[in-house]
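Structure, as structure tokens:
Each reported figure results from applying straightforward, stated rules to the coordinates on display, with no laboratory input. From a predicted model like this one, the values you see are computed outputs, not experimental measurements. Reconstructed Cβ throughout: ideal geometry from the backbone, glycine too, with neighbour counts over all protein chains shown.
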Amino acid sequence: MSFFMVFMLLSALLGVCVGIFAGLIPGIHTNLIAVFVGGLGFPVLESVIFLSSVAVSRSVVDAIPTSFLGFSDDVLALSPSARLLKKG
């Protein structure tokens with residue numbers, strides 16, 4: 001495995017870790033992370049891999065605090081966990 005592939009894999013794994021953190025903490029969005037990554041001047045391909053893995057892992061993990069902190073009215077009809085939250 002070349003150094004370039006290892007660096008891409010590490011940026012994807014780091015993106016998953018950052019995405020899990022961002023999904024569990026309300027208020028940290030993928031766009032906020034993208035501003036920081038863009039400001040630091042990382043190479044484009046590694047930034048795309050990092051931000052893609054952040055976006056995917058954040059959207060999956062984001063369901064956890066949404067279930068426990070509450071739902072908005074428009075989401076109550078869509079999510080099964082929202083119905084359970086409404087029942088108590």
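Some points to look at:
- Difference of contour (0.36 nm per residue) and Cα-Cα distance, Met8 to Phe42: 11.0 nm
- Relative packing of 35-47, 18-30, which averages over residues the other C-beta atoms within 10 Å, highest first: 18-30, 35-47
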